[in-house]
Each structure stands twice: as C-alpha cells, then as structure tokens.
Amino acid sequence: MKMSKMYMPTLREIPAEAEIPSHQLLLRAGMIRKLVSGVYTYLPLGYKVIRKVEEIIRKEMDAAGSQEFLLSALQPRELWEASGRWKDFGPEMWRLMDRNEREFCLGPTHEEYFTSVIKDEIKSYKQLPLNIYQIQTKYRDEKRPRFGLMRGREFIMKDAYSFDVDEEALVKTYDIMWEAYDRVFDCLKLNYKVVQGDTGAMGGKVSHEFMAMSEVGEALVAYCQHCDYAATDEKADVVYNVGDEAEEELAMEKVLTPDIKTIEDLKNFLGMEKSSKLGKALVYMAAGKPILAVIPGDRELNEVKLANYLKVGGFELELADEEVIKRLSGANKGFTGPVGISKEARLLVDSRITKMKNIVVGGNETDYHIKNVNYGRDFTGEIVEDLLLIEEGDKCPQCGETLRMDRGIEVGNIFQLGTKYSESIGARFLDENGKEKFFVMGSYGIGVTRSVAAIVEQYHDDKGIIWPLVVAPYQIIITIVNTKNEEQLALGDKLYNELLGLGYEVLLDDRNERVGVKFNDRDLIGIPIRVTVGKMAGENIVEYSLRTSDDKSEVNADTVAKLILNEFVKEGLR
Ligand code: ATP
Ligand code: MG
C-alpha cells in the first residue's frame, strides 16, 4: 500500500480520554476511533490487525476440530427466558423490540442460541463430540466501558461451544480447547498465565481464564511460585489463620467507642495490635433483601463469593445505604454487628469467625461496640466456608507458600458448563443404550479486540506500538526520505514491487512529508521491518532496521529480500 493514498489519521497529541497505553496508541496510530462510549470504529490499519488475530484463532480452532458458524447478533427473548438469563444477565444486556413489539436482545454471548441450533439436529451419541464456534460481534452494556478496546460495549469475540456424551468426554474436549488456546496466545506472543476462574454466573463447576499479564489489567491474579496454583482474585480460596481457638470465652462487655467509624480507628482506640480480633459486619442488599455478612475485621469481603453463595447476579448486589443500616441495627453506620441485629437481615458468617474467640463487633447502638463476643454463644447465622478476598501475603491453598499477586487482562476463558443450558433448552440425544440424555456442554471465549489491546499493552514504547511480526498490519515499511529525488523514488518503488512480488505486506511511505514526520509515524504504527531509502539510493544502498532495536545497517538494496526472509524464518513465519 502506498501511504500517499492510505487512510491513516495519526494524532500527535495524546487524546485526553485515553488513560492507558493501548487506548492512547490505537487512537494515535489511526487504528480506531470512538463512536460513543465503548463503541469503536475500526480503521484500515486496526482492522487488519483484528483480522490477523481472527485468522490465528480460526486456524487453531479448525485444527482442534471445531467448525465455524455465524449466528445472528439478534436473539429473541424466549431463548433467554428458557435459561433464566433474560433476568439473570441484568442491565448488561442490550434489549430491543421489533415493530410488533416482540422483544429481542443483541447477543452478549450465545450459549442458548447455539444449543437451540443443534437441538433436534444432533440426535445420537454417534454424532458426538460436537464442537462449534463463531467469530462475531457481541454487545454488552457494560457498567464501566473503558480503556478503548479493552472493555467495550460492542466487541468482537470468538465463542465456541462443545457438546459431549458425559462429563468424562467433556474434560477431554476441555483439554483440547485449553491446548488450542495455548497455541493461539503463544502465537500472539502474549505473556500470559492460565488461572482458575469463577463459574458463578455461567453455571458449571470448572473454568480457567487466560490472563495476559499487564499492570493495567482489570483482573488480579494470585499465583504460587512453588506449585501450579493460580486463580483470579474472584475465585482464589483464602487460607486464614484464626489464632488461638482454645482461648477461654469471656463475658460480653459493652464498650463506649465514640466517633469510631473505621476498623483502623477501632483498633487504635482499643489499643489492639492487630485487627484480627475484630469482626466486621457488612450490610448488603441482595436482590432487594438485606444481608448482614460477618467476616474477620482485617479482611475484605469478596463480593463474587457472596453473590455466588446467595445465587444472585453481581448486579443485584450492593452495599446498603445508611437508612437500611439504621433500620436493621438501630444505630448509625459503623456500629453494626451480629448480636441483636434485626431478624429482617439474613445473617451470613464467614467460617473463620465461628472459630475466633472473644471478638469485638459493632454494638447495634450508636457509639458502642461489644467485646468478647463468641459465635454460638452470642449469635448464630448461616456459616459460609469462605467469603474473603485474597490479598498480598496470603498463603497458597495448595502448598502453603506465600502467594504472589499481579494484574492481568482476561483475554480468554474456558468453561465446563455441564447440562445447565441443554436442560433448560431441552437439548437431548440418544446414548448407546437408546436412553435420552442431555448434552454435557462446555463454552470457550476469546476476546479478539481485547487481545489486540493486550498485545499493544505488552508491546509498545514511548514512541508507539511494536507489533509482533505475526499480527502487524503490514510487515515491512519502505520510507522514501525525499520524494522529490528521482533516484530515491525509483529505488523505493523497485524494492516495493520486489517485496510485494515475494508475498510480503508492504507499506511504501511516498508521502510528500518531512522525513521526521515519516519516521515518527512509522514508529507510532509499529511496523516491524523498516527500509529507508535516502541519500545513498544512487549507489543502491539503503538503511535496514527493526522496530524492536536501535541498530541500523546500511545494506545493498539487492540483499534486503534476503534479510527479510531471515527475519520471517526466525519468527517461524516462512
Ligand atoms: P470480564 O470479566 O472481563 O467482564 P467476562 O467474564 O464477562 O469478562 P466472557 O463472558 O467470558 O467475559 O467473554 C469471553 C471473552 O470476551 C473474555 O475473556 C474477554 O476476553 C472478552 N470480553 C468480555 N467482555 C468484554 C468487553 N466488554 N470488551 C471486550 N472484550 C470483552
Ligand atoms: Mg463481563
């Protein structure tokens, strides 16, 4: 492509709305433009990268035996009513009506739809396993669309669904998909970790998330360096040492704690060394009903674990306002506790609290706490195994070593779904004994546009993007330093045609611009292999360099093709 003709509106300034490198650079490099919050236009250079990522995914999905479909984004309400997700998906679902007032959504995902497609068409165990996928635009009215392609309200996803005869066969399919995902993300050159994920909202028991490690990632990953344990912060089991369980239970005692608002204040006021003797009581509204959750005072509550236990969607869970707190406890915020709380609240107790002795909790009376409170004797509730959020310094639940925590971008995930969707949609097959069974399903997603953003996060510098060769929109850029010079033009053109003829994707910067502008753009858009045609064109000498390095070499133009081939061979691309 000749750049004099190319649509590539690069920006010199960093757009004010863009906070993270990938968002800034994709905008500045003229790859995407915003339409409205969370909705983007893919411009030619950006779309080329997206298509390359799609092709890599397609190749690996096909190789893993999955077959490509393309389903509609429009899905009728009835499909979602069957699974219960018309309600459960909540406000993230884009809903609309046709002219006859029939309700639809713009698909946020396609479990129900794919299941309904194969239902009645796949009848026998002999046709299984079946694995099918699509690469398609998804719609989610995210609460916080942000960071450009990272969290859009419209985005491209590869979603796959598998249908197996039983759990054992599902696990085999799951492993095949896991391996295919490893190949995809290896090919995309992402530095990633595979971690246990939460399955709450999707149904099913087992899931893994593929996390591209990045400090701007929205997810936190806890992982062990001594064993293979790794999980998202939503999922990670918390090992919590409760201290001396044999301690003698003392008599409850009300203490005046005026103006104490936080756990930290309380700890200092009571002169305690650690806050581990404190019980923290949090009031939530879950699907409109009040919940009091009691956890150790030095820890944070994991809202995903809470929502899962209560079987409500994350969007249905929120901290209660002051008015509710006052109604339940009779006291101002900050003095809520489990002893004598209104029966209106469902009382959940983290299992660790039941083993702690003589704890301090809110007194349900403004300015008062109660000391020496003991579970069983002074209050009871529903015991929940683990409501805690993992934190720095926690021990590995598998081997006991200290866990590490890092941020990641979830670029893909795999789920063992079981029969939730086949049962609700009524999708059955006949097994080898002629008995009707529900398909045992899995689903597998990759965020295509989010992966593009993740690549930019991992491959950029202060000058711009550094595309790995395999996904670069163009692989080679030839810059003509002075387009008024006939020799430079002629040699640039000759090289351009030669490389095109060899099947490479080449940009020719033949724009009538200052050379500084051309160099800046070439760095910004991140083309991996660069050839500069300048003053020595008359001697058939050009400059050869890579985006990844500051090294430049003057080479005979006739050797350029060879150098480029070497680069491709090194990357395993030829
Ligand atoms: P997240 O926790 O980030 O919201 P999710 O669990 O909702 O992700 P899935 O429903 O499993 O995501 O979707 C499959 C993949 O689609 C994700 O792994 C991610 O890469 C991508 N994805 C999900 N939501 C978005 C979004 N709003 N914008 C871009 N990509 C997304
Ligand atoms: Mg989501």
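Pairs are defined by a Cβ separation below 6 Å, a sequence spacing of at least 6 or placement on different chains, a first member in segment 283-309 that is under 19 Å from Gly243 (Cα atoms) and of a type in the set (A, V, I, L, M), and a second member that is modelled with pLDDT of 95 or more and in a loop (DSSP other than H, G, I, E, B); the pairs so defined are Val294/Pro338; Ile295/Leu387.
List the helices (runs of 4 or more DSSP H) inside segment 391-507, counting only whole elements, that have at least 2 residues being in contact with a Phe, Trp or Tyr (Cβ under 7 Å, 6 or more places away or on another chain) and within 16 Å of ligand 1 (Cβ to nearest atom).
Here the list reads 448-458.
Restricting attention to segment 196-219, the residues that are open to solvent by 10 Å² or more (accessible area, probe 1.4 Å), in a strand (DSSP E or B) and out of contact with any helix residue (DSSP H, G or I) (no Cβ under 9 Å at 6 or more places or on another chain) total 3.
Determine whether Glu19 is of a type outside the set (A, V, I, L, M, F, W, C), away from ligand 1 (no atom under 16 Å from the Cβ) and either open to solvent by 80 Å² or more (accessible area, probe 1.4 Å) or not in a helix (DSSP H, G or I) (or both). Break it down into steps so the answer makes sense when it comes.
Numbers: of a type outside the set (A, V, I, L, M, F, W, C): yes; away from ligand 1 (no atom under 16 Å from the Cβ): no; either open to solvent by 80 Å² or more (accessible area, probe 1.4 Å) or not in a helix (DSSP H, G or I) (or both): yes.
The answer is no for Glu19.
Hey, can you tell me all the residues within segment 142-168 that are more than 7 Å from ligand 1 (Cβ to nearest atom), surrounded by fewer than 18 Cβ atoms within 10 Å (Cβ to Cβ) and among the acidic types (Asp, Glu)? Across segment 142-168, the qualifying residues are Asp166, Glu167, Glu168. Counting the residues of segment 326-345 that are small (Gly, Ala, Ser) and either open to solvent by 60 Å² or more (accessible area, probe 1.4 Å) or not in a loop (DSSP other than H, G, I, E, B) (or both) gives 2. You will find that of Arg99, Arg33, Arg58, Arg12, the residue that is at pLDDT 95 or above, farther than 28 Å from Glu423 by Cα, open to solvent by 30 Å² or more (accessible area, probe 1.4 Å) and in a loop (DSSP other than H, G, I, E, B) is Arg99 and no other.
In segment 350-370, is there at least one residue being basic (Lys, Arg), under 23 Å from Leu266 (Cβ atoms), surrounded by 18 or more Cβ atoms within 10 Å (Cβ to Cβ) and modelled with pLDDT of 95 or more?
So the first thing to find is which residues in segment 350-370 are basic (Lys, Arg), and the list is 352, 355, 357.
Okay, now just the ones that are also under 23 Å from Leu266 (Cβ atoms), so 352, 355, 357.
Those left that are additionally surrounded by 18 or more Cβ atoms within 10 Å (Cβ to Cβ): 352, 357.
Now restrict to residues that are modelled with pLDDT of 95 or more: 352.
Yes: segment 350-370 contains one or more residues that are basic (Lys, Arg), under 23 Å from Leu266 (Cβ atoms), surrounded by 18 or more Cβ atoms within 10 Å (Cβ to Cβ) and modelled with pLDDT of 95 or more.
Each row is one residue, and each column tells you yes or no for (1) assigned by TED's automatic domain parsing to the domain that holds Ser207; (2) away from ligand 2 (no atom under 16 Å from the Cβ); (3) assigned to a helix (DSSP H, G or I).
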{"position": "Gln134", "(1), (2), (3)": "yes, yes, no"}
{"position": "Lys138", "(1), (2), (3)": "yes, no, no"}
{"position": "Glu142", "(1), (2), (3)": "yes, no, no"}
{"position": "Tyr161", "(1), (2), (3)": "yes, yes, no"}
{"position": "Glu168", "(1), (2), (3)": "yes, yes, yes"}
{"position": "Met177", "(1), (2), (3)": "yes, yes, yes"}
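Checking each residue of segment 172-187 against the condition of being among the hydrophobic types (A, V, I, L, M, F, W, C), more than 30 Å from Tyr368 (Cβ to Cβ), more than 16 Å from ligand 1 (Cβ to nearest atom) and in contact with a strand residue (DSSP E or B) (Cβ under 7 Å, 6 or more places away or on another chain) gives no match. Under the condition of being under 17 Å from Gly445 (Cβ atoms), part of a strand (DSSP E or B) and open to solvent by less than 10 Å² (accessible area, probe 1.4 Å), the residues counted in segment 105-132 number 1.
Among the residues of segment 52-98, just one is within 28 Å of Ile527 (Cβ to Cβ), free of Cβ contacts under 8 Å to residues at least 24 places away in the same chain and either of a type in the set (Asp, Glu) or in the same structural domain as Ala287 (by TED's automatic domain parsing) (or both), namely Glu55.
Consider segment 429-460 and keep the residues that are in contact (Cβ under 8 Å) with a residue 60 or more places away in the chain and open to solvent by 40 Å² or more (accessible area, probe 1.4 Å). The one that is farthest from Lys126 (Cα to Cα) is His460.
The values are calculated or read from the model by the stated rules, or taken from the named source; none is laboratory data. It should be emphasised that the depicted structure is a prediction, and the values quoted were computed from it without experimental measurement. Cβ sites come from the backbone with ideal geometry, for glycine too, and all protein chains shown count toward neighbours. Note: accessible area is taken over every heavy atom of the protein model, side chains too, but ligands, DNA and RNA are not part of it. Shrake-Rupley method; radii C 1.70, N 1.55, O 1.52, S 1.80 Å.
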